[in-house]
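*Asks:* First the structure, then my questions, so here it is.
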Amino acid sequence: MTSVTIDYKSHGGWTTVPLYSGADLALLPVLRPGVDWEALRTVAAGRRSPLAGLAPVTPGRDVVLLAEVARIARVGRAAVVNWSRRHADFPDPVSGTDVHPQFDRRAVAT
């Protein structure tokens, strides 16, 4: 993901804004369920986007624990543990420990 720096002169100066691809935008409601997507769709021209409030992440460093994977999938944590044990195509952990594995957010959403 790339970004641009914009000067919001009357709104606090320079701000770095991430640029999202079409695929990134399609996955955002799944990856970031806490964002008010209706507010995003109805933001008035010239107003700051709710996406500007998302912390930029370095690719490969946006990791989630099993509990967040469960929230993304809208299931319980036990279901995610079962998926990881039973399905060979479940993403491998990218960091963490055996007790608290961490997964790449984008990998678990696709």
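The values are calculated or read from the model by the stated rules, or taken from the named source; none is laboratory data. Everything quoted here is computed from the prediction, not taken from an experiment. Reconstructed Cβ throughout: ideal geometry from the backbone, glycine too, with neighbour counts over all protein chains shown. These area figures cover heavy atoms from the full protein model, side chains too; ligands, DNA and RNA do not enter into them. Shrake-Rupley method; radii C 1.70, N 1.55, O 1.52, S 1.80 Å.
*Asks:* Using alpha-carbon pairs under 8 Å, 6+ residues apart, how would you state the relative contact order of the chain in percent?
*Replies:* Computed value for the chain: 21 percent relative contact order.
*Asks:* Quick one: which residues, 5+ away or cross-chain, put their amide H under 5 Å from the amide H of Gln102? H built at 1.01 Å from N.
*Replies:* Val94, Ser95, Gly96, Thr97
*Asks:* Let me ask something additional. For the chain, report the accessible area per residue in Å² (1.4 Å probe, heavy atoms, rounded to an integer).
*Replies:* Values: 7610 Å² over 110 residues.
Ligands and nucleic acids excluded, the figure is 69 Å² per residue.
*Asks:* Moving on to the next point. Separation of region 12-56 and region 57-103 by C-alpha centroid, Å?
*Replies:* One Cα centre to the other: 24 Å.
*Asks:* Which ³J(HN,Hα) values in Hz, rounded to whole numbers, follow from the phi angles of region 102-110 under the Karplus curve 6.51 cos²θ - 1.76 cosθ + 1.60, where θ = phi - 60° and Gly and Pro get x?
*Replies:* Listing the rounded values in order: 10, 10, 5, 4, 5, 5, 7, 7, 9 Hz.
*Asks:* Sequence-distant or interchain residues sharing an amide H contact under 5 Å with Val63, placed H: which?
*Replies:* HN-HN under 5 Å from Val63: Arg105.
*Asks:* What is the calculated FRET efficiency for Ala39 to His100, with r their C-beta to C-beta distance and R₀ = 22 Å, to the nearest 0.05?
*Replies:* Calculated transfer efficiency: 0.10.
*Asks:* Please report, in whole Å³, the volume per residue of the convex hull around the C-alpha atoms of the chain.
*Replies:* So the per-residue Cα hull volume is 117 Å³.
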